[in-house]
1. Select from the stretch 79-93 the residues that are farther than 13 Å from LEU105 by Cα and either touching a residue at least 24 places away in the same chain (Cβ under 8 Å) or in a helix (DSSP H, G or I) (or both) and list them in ascending order.
2. Can you pull out every residue in the stretch 143-153 that is outside any loop (DSSP other than H, G, I, E, B) and either open to solvent by 40 Å² or more (accessible area, probe 1.4 Å) or more than 14 Å from ASN124 (Cα to Cα) (or both)?
3. Take LEU34 and tell me if it is touching a Ser or Thr at 6+ places or on another chain (Cβ under 9 Å) and at pLDDT below 95.
4. When the residues of the stretch 115-128 are narrowed to those that are outside any loop (DSSP other than H, G, I, E, B) and in contact (Cβ under 8 Å) with a residue 12 or more places away in the chain, which ends up nearest to LEU48 (Cα to Cα)?
5. Can you pull out the residues in the stretch 28-47 that are among the hydrophobic types (A, V, I, L, M, F, W, C) and out of contact with any strand residue (DSSP E or B) (no Cβ under 6 Å at 6 or more places or on another chain)?
6. When you scan the stretch 18-50, how many residues do you find that are farther than 17 Å from ASP146 by Cβ, open to solvent by 30 Å² or more (accessible area, probe 1.4 Å) and in a strand (DSSP E or B)?
Amino acid sequence: TTALARLQDKVDAIGADEVRAAIEESIGTTVSALFTTFDDQPMATASLAQVHRATTRTGRDVVVKVLRPGTRDVVNRDMVSLGQLAEFVDRNTPIGPRLGAQRMLAQFRRSMLDELDYRKEAANLAVFAELVEDEPLLMVPAAIGDYSTDTVLTLEYVPGRKVTDVTPLGLLDIDGPGLAAALFRFM
């Protein structure tokens, strides 16, 4: 749990100039042409991406998720190394043939590549939004298509708090059983 929490919360931000350059290269126009405001201070950072608040030219409050530059290259290099290790395990250990490390790695590689393509995430969000239409306690932010690419995902801004920031008193305001039931129906 501690290691996973570090992945969520303890990642250094990349510089605003690098973020702006990544957006501009991906979308093909300047950040100032896209947004009337763009917060250079990220609201969240993670190992693969960071997220910034912005306002579109039409006045829509959004968040802009930007894949960290160089992430795909790092992942590809890591996959090559893991592939060599998986092949060794499958060929040279007694558990290798039963474990199927190369098969497991192939599935992991597919999942990881999906994580690195924000067009797939936008498509999944659209499907999830349809699935929660009849669930008043659940909502899915909409992706903004003209502001999204494979490395930039712009979503409508939805205010909220991290689950870990809700105080015991704050929990009294939440319909826990109703929310749990809605989540189970959604799943």
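The values are calculated or read from the model by the stated rules, or taken from the named source; none is laboratory data. Values in this document were obtained by computation on a predicted structure and should not be read as measured data. Note that each Cβ is placed from the backbone with ideal geometry, even for glycine, and that neighbours are counted across all protein chains shown. All accessible areas refer to the heavy atoms of the entire protein, side chains included, with ligands and DNA or RNA removed. Shrake-Rupley method; radii C 1.70, N 1.55, O 1.52, S 1.80 Å.
1. The answer is ARG91, ASN92.
2. Scanning the stretch 143-153 gives GLY145, ASP146, TYR147, VAL152.
3. no
4. GLU115
5. Within the stretch 28-47, ALA33, LEU34, ALA46 qualify.
6. Residues meeting the conditions: 2.
Yes/no matrix, rows are residues, columns are (1) surrounded by fewer than 12 Cβ atoms within 10 Å (Cβ to Cβ); (2) in a loop (DSSP other than H, G, I, E, B):
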| position | (1), (2) |
| --- | --- |
| LEU113 | no, no |
| GLU130 | yes, no |
| PRO141 | no, yes |
| PRO159 | yes, yes |
